[in-house]
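Readers should treat all values here as calculations from the given coordinates under stated rules, not as data from a laboratory. Worth saying up front: this structure is predicted, and the values here are computed from it rather than measured. Don't worry about glycine lacking a Cβ; one is built from the backbone with ideal geometry, like all the others, and counts go over all protein chains shown.
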Amino acid sequence: MTVRSRRLLAGLAAAVSLLPLAALAADGSVDAAVRFADGASLFQANCAVCHRANGAGQSGLAPPLLVYPARYAASVEGRRQLAMTLLFGMFGDITVDDRHYNFKMPDFARFDDATVAALINYVVFDLGHAPANVAAFAPADVAAERATAQTGEAVRRHRSQLLEAPTP
């Protein structure tokens, strides 16, 4: 690891430590208002370092998760996108809220289907505030995507196609 990389990681760790943990109560327990507490704990342990504890993202590093995931969860292809992104990662240039990100999101295929579903549900419902008529993810939803392995680049291409598709 280069000196620059170590400095960047140290800076990120310091910045994250100063952020309010939206899903955690003052005593460090998961906030009672959080609907998907298991997902909240997973998010804080695995995602917050890049996407920040509140899901707002970090300019130039990781996009915010406050709008797109809730929007995706309302459509079949969007739901596929969410599961594929967590399972297989995503590589390459994307634009979110008129900001560009060129990153390599890691995959979380090491987690079982129920764990990935809990993490997606936290992002979609607790961070993204998806409407009540959007169905929560089940382990079977994740298993269906896990059955067809993808590359992180293929996941990014699927996202591009999803965003270009006309909305109903």
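Values as computed for the structure displayed
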quantity: Two-site label geometry, Q161 and N102: point separation in nm, points 7 Å out along Cα→Cβ; calculated: 2.4 nm
quantity: Per-peptide average of other Cβ atoms within 10 Å, ordering 140-147, 126-133 highest first; calculated: 140-147, 126-133
quantity: Taking Y122, Y68 and counting other C-beta atoms within 10 Å, the order from fewest to most; calculated: Y68, Y122
quantity: Inter-probe distance in nm under a simple model that places probes 7 Å from Cα toward Cβ, at A136 and E77; calculated: 2.8 nm
